[in-house]
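Structure first, commentary second.
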Amino acid sequence: MARYVTLASVSEYPPAQGRQALLARAARLVERAARQGADIVAFPEVYAQLGQAEGWERWMELAEDPASGPTIAALGECARERALYIVWPTLTREGDRVHNSAVLLDRRGRVAGVYHKMHPTISEIEQGITPGEQVGVYDVDFGRIGLCICFDLNFGDTMEGLGRAGAEAVFFCSMYRGGLQLRMWAFQLAAFMVSAITGELGMIVDRGGEVLAESTSEVVVARRVNLDSRLLHLDYNSDKLDDILAAYGPGVSFRYYSREACWVIASEREGLSVDDLMAEFSLEGREAYFARAERIRQQALERERGI
């Protein structure tokens, strides 16, 4: 059945005016996202420190306890008041280790997860940042989301881990835009990508790699999407289109990506899930199709070798 959710992000470099000014600004932006129907809103990388001071040395001093830090607690209250999820990036301290983190706050304002950046830059590590070791994927009330931070976007282990864990929407909190890479990740993961960056052009990208929304002079961007959808290859699937329409008409929607020979099918009907459609019409997921093609390839090679 249709599983609509509104994804949102903030993209800006906040003025370093101190904690109270930062928290007041963040609260206004959360409210702005909430008024657009946001179920979740993400902020840019180390937003908490950017808005309090300048320079890595001072930022490191402002690293906070991931369970009870002052900005985390304040944004938790915002999440509770607006009944939405917030992805709040901040430096966190655990003993003598400092991480570049993204804290997931749930609709009640509680810490639902803390992701530590797996791939800090060389300069970050030289400044004392400890790399994370696990991908950040979390169950929320509307689905399964993933988190990644800035330089992570350049490394396949992060993307592959998010894919294996089944992330349906990935929030990219960053100092740089990501651009084409975001669209590539969306297509490779068959997941929505949402960027929150320290500048213009924060994006929401759909499963097929198409940009749905982009921030410019307005720092908050939001888009309602249907998570009950799948990216399929056209091979062995497209000939079933008429049968699907005959059975369900506008209760099913399609989006085509002809250049990539793919399409997205989504359920728009109460009581009908996209998994139901996959089973009823023997539709094959893209990754399952590629795995089947590889098995057949290996069998052909074995025959050639006389195995």
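Read-outs throughout are calculated quantities, based only on the coordinates presented, and are distinct from any laboratory measurement. Quantities reported herein were computed from a predicted structural model and do not represent experimental measurements. Glycine gets a Cβ as well: all are built from the backbone with ideal geometry, and neighbour counts include every protein chain shown.
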*Can you sort PHE187, PHE192, PHE171 so the residue with the fewest Cβ neighbours within 10 Å comes first?*
PHE187, PHE192, PHE171
*In the stretch 45-102, which GluC sites (Glu not before Pro) fall in coil by DSSP and have 12 or fewer other Cβ atoms within 10 Å?*
GLU54
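What FRET efficiency, computed as 1/(1 + (r/R0)^6) with R0 = 35 Å and r the Cβ-Cβ distance, is obtained for ARG255 and ASN154, rounded to the nearest 0.05? Walk me through the numbers on the way to the answer.
Values: r = 28 Å, r/R0 = 0.81.
Calculated transfer efficiency: 0.80.
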*List ARG177, ARG224 from most exposed to least, where exposure is judged by having the fewest other Cβ atoms within 10 Å.*
ARG224, ARG177
_Residue among LEU301, TYR138, VAL41 farthest towards the positive dipole end of the chain, charges placed on Cβ_ = VAL41
*Net dipole in debye of the stretch 1-129 [+1 Lys, Arg Cβ; -1 Asp, Glu Cβ; about Cα centre; nearest 20]*: 680 debye
*Using alpha carbon centroids, what distance separates the stretch 175-242 and the stretch 257-307, in Å?*
21 Å
*What number in nm² do you get for the chain if you take the convex hull of its Cα atoms and divide its surface by four?*
18.5 nm²
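Can you compute the helix-only [θ] at 222 nm over the chain? Use -39500 (n - 2.57) per DSSP H run of at least 4 residues, normalise by all residues, nearest 500 deg cm²/dmol.
Values: 10 runs with 100 residues, N = 307.
-9500 deg cm²/dmol, from helical runs alone.
What is the dipole size for the stretch 4-226, taken about its Cα centre, with +1 at each Lys and Arg Cβ and -1 at each Asp and Glu Cβ, in debye to the nearest 20? Can you show the working numbers first?
On the way: 21 positive and 28 negative charges, 137 e Å.
I would put it at about 660 debye.
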